[in-house]
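These notes are about the structure you will find just below.
Each reported figure results from applying straightforward, stated rules to the coordinates on display, with no laboratory input. Given the structure is predicted, the values throughout are model-derived calculations rather than measurements. Reconstructed Cβ throughout: ideal geometry from the backbone, glycine too, with neighbour counts over all protein chains shown.
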Amino acid sequence: MNSLNDRTLRILGPLVLWAVATVFFNISTLISSEISQWRFITYGIFTLYLSWFVIRWLVLLAQRRYAGLERTNQRLIWLGVVGIPVTALLVGARLLLTRYYVFADAATWEPGDIPFMYGVGLFYFTIIVSIYEARYFFRHWLQTKRQAEELQRTQLEIQLSLLRTQVQPHFLFNSLNTLQALVKTNENSKAVQFIGDLAQVYRYLLQSNEQPLILLEDELAFTHAYLNLLKTRFDEGLRVDVGIDPAYRAYRLPPLTLQLLVENAVKHNIVSASRPLTISIRSHGNPTLVVRNNLQRKARADVASDKKGLLTITQKYRLLGHDTVLIEETPDFFTVEVPLIAP
């Protein structure tokens, strides 16, 4: 098995390197009338393939012995030490082929400048090692990056799971308190309606718990039941204005997005008949959902602002590849805009 995954490089690399080396170092020999150009070309290509595969084998051996980016210096030192004698052997093979193949029919033959040939051999060695080390570095860098992204994704999913488990007990506690108050005041018809809405809310929570996306139409139906529960609790203190373009009702969004935004508004603001909280849920001619409430914050001693609801929504969209959750606060209004995802 070729762990380097370099089939194309092994085929084309030596040819490209031979062409470059011939132009810079051997063009005069190639056009000489004393030798066969065909033999010179085949000799050059063969020796380049021989050098490529020998040096490639050394690089693979070094990468196995000194694996990892943190051991790059050790790997390069080892290749440098081993490369000196290996290059000498390759140059020796090149000299023999030059004498008995390229200049086989020549009347005279001079060994030429052996130091120059050794320098060219070191040039080949450096280029080939550099190519494979660059590929090794990039592949490991990309693997490290992917592992970091996967780790971050896993951490976000764990955080979302923890945040989701914190939403339901808090909501159930408030709902049971409201139901208890209705029973005590003998509001039986309202209690029956409240239980029906509560059942619808929890059915939705169970069905949507494992789904990454939900239809806006279904989210709105759930939010309607959820708002009925809140209105039973707050009566005239809570006002809701919903205006969604029907064209966007088939779009999708992470489940419980609206519930978290509404809960966030109720949790952090005063809700009373004398100071009603108004929540607007609208689309404004583009595939986004805008939730806005008038700002009348509770005292900090009354509620801790941990921003878990907004954090949950932001992280859900981040997991889906969207970083476009917009949060805006003015002296009078608090607005959150989230994207709707096309079906």
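Side notes on the structure shown:
- Summing Lys and Arg as +1 and Asp and Glu as -1 over all other residues whose Cβ lies under 12 Å from the Cβ of LEU58 gives a net charge of +3.
- Amide hydrogen neighbours beyond the local backbone of SER272, cut-off 5 Å, H modeled: LEU277
- ALA342 paired with GLU70, simple spin-label distance in nm, labels 7 Å along Cα-to-beta-carbon: 4.6 nm
- Efficiency of FRET between THR144 and SER274 - r from beta-carbon atoms, R0 51 angstrom, step 0.05: 0.30
- Charge dipole (debye, nearest 20) of the stretch 7-148; +1 at Cβ of Lys and Arg, -1 at Cβ of Asp and Glu: 980 debye
- Using a Förster distance of 25 Å, the FRET efficiency for ILE84-LEU50 (Cβ separation, nearest 0.05): 0.90
- Between amide H atoms placed 1.01 Å from N, distances below 5 Å from PHE333 occur with LEU295, all of them 5 or more places distant or on a separate chain.
- Other residues whose C-beta falls under 15 angstrom from the C-beta of PRO331 contribute a net charge of -1, scoring Lys and Arg +1 and Asp and Glu -1.
- Vicinal HN-Hα couplings computed from phi for the stretch 82-97 (Karplus, 6.51 cos²θ - 1.76 cosθ + 1.60; Hz; Gly/Pro x): 6, x, 5, x, 5, 4, 4, 5, 5, 5, x, 5, 5, 5, 4, 5
- Available extension along the chain between ARG99 and VAL20 is 26.1 nm, counting 0.36 nm per residue and deducting the alpha carbon span.
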